[in-house]
């Protein structure tokens, strides 16, 4: 049973910042079936704008920087995408 004296407020205060443009690459990869060809990813999801450390980019643009043409697993796909876009904080509209 929950403690009656437990604080009801969130553990971390969320700021009132602008939303981040684009979607996480994990959301795109979760909609695909594996294995998959790069051309099929472009056909199905290429117009999606994903979040990158350099700002939002379409998946088609990112995949142009990926040499692989066939992805056996979701992990292989996301690893190739992260190699192409890099890692780091995703800018918000206030950061631009």
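The values are calculated or read from the model by the stated rules, or taken from the named source; none is laboratory data. Being a predicted model, the structure only gives us computed values, none of them experimental. Cβ sites come from the backbone with ideal geometry, for glycine too, and all protein chains shown count toward neighbours.
Numbers at a glance
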| read-out | value |
| --- | --- |
| Residue identified as at pLDDT 95 or above, touching a strand residue (DSSP E or B) at 6+ places or on another chain (Cβ under 9 Å) and under 19 Å from residue 88 (Cβ atoms) among 62, 25 | 62 |
| Residues that are exposed (fewer than 14 other Cβ atoms within 10 Å of the Cβ) and outside any helix (DSSP H, G or I), drawn from region 43-68 | 47, 53, 54, 64, 65, 67 |
| Some residue of region 69-88 being assigned to a loop (DSSP other than H, G, I, E, B) and either touching a residue at least 60 places away in the same chain (Cβ under 8 Å) or surrounded by 17 or more Cβ atoms within 10 Å (Cβ to Cβ) (or both) | no |
| In region 23-42, the residues that are surrounded by fewer than 18 Cβ atoms within 10 Å (Cβ to Cβ) and closer than 19 Å to residue 86 by Cβ | 23, 24, 26, 27 |
